[in-house]
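A quick write-up on the structure given underneath.
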Amino acid sequence: KLTDETGTWVQAQANLLRVPEKADRGGVRFKKTDLDTGTPVAGAEISVYSTAQNDVVTDGILRKKGEAAAVLITGEDGTCETGADCLPFGTYFAVETKAAPGYEINREWRAEFTITGGGTILDLTGEETVLKDRIIRGDLRLRKTDENGAPMPYVPFLIIALDGEG
């Protein structure tokens, strides 16, 4: 039994009792670098998934089980992060879902973490958790011939990158 505003005992009805509970939340930060040089890489997409057996609400949106709880894109400094109140208390994992332009997707990287709340951002930018991607490389084969199509050996070639990337 409960009392009303006058102090009179009243019978409680289960369907009328609603006590909103605010979930304890937190956030997460990631970093992506070039595997060979360690320089930051912008433009990679990292998706965060909940391991919970039920749906979760992130950034005010209901996310169904198996749907990404958050999708982040790395910035010029190679980092990306959720808000400090984005992810409810629980266990999550993150994977790279799109590589940055010019890079291969890292299908082996998977970061597992637990949000304990308190409105803090869990920093996963350390050496052991940073996402490292390999730049896409290709082979080039050139062949110099004379005007009759005969191969010309020992002709040097100069290769110049037109995109300013080296």
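With the other protein chains left in place, how much accessible area per residue, in square angstrom, belongs to segment 39-107 at a 1.4 angstrom probe?
51 Å²
Would you mind computing the Rg to Rh ratio of segment 59-166 from its alpha-carbon coordinates, Kirkwood style for Rh?
Radius of gyration over Kirkwood radius for segment 59-166 works out to 1.25.
Can you give the FRET efficiency for Asp146 and Glu108, using 1/(1 + (r/R0)^6), R0 = 45 Å, r = Cβ-Cβ distance, to the nearest 0.05?
0.40
Restricting things to alpha carbons, find the Rg to Rh ratio for segment 28-115 using the Kirkwood radius for Rh.
Reported Rg/Rh (Cα atoms, Kirkwood Rh): 0.99.
What's the lysine pair count for segment 28-136 at a Cα cut-off below 18 Å, pairs eight or more apart or interchain?
5
Using heavy-atom solvent-accessible surface (probe 1.4 Å) with all chains present, what is the largest-first order of Thr120, Thr33?
Putting Thr120, Thr33 in descending order of accessible area: Thr120, Thr33.
Give me Rg/Rg_expected for segment 72-112, where Rg uses Cα atoms only and Rg_expected = 2.2 N^0.38 Å with N residues.
Normalised by 2.2 N^0.38 Å, the Cα Rg of segment 72-112 equals 1.33.
The values are calculated or read from the model by the stated rules, or taken from the named source; none is laboratory data. The model shown is predicted, which means the values in this text are computed figures rather than measured ones. Ideal geometry is used to build each Cβ from the backbone, glycine not excepted, and the neighbour counts take in all protein chains shown. SASA here: full protein model, heavy atoms, side chains in, ligands and nucleic acids out. Shrake-Rupley method; radii C 1.70, N 1.55, O 1.52, S 1.80 Å.
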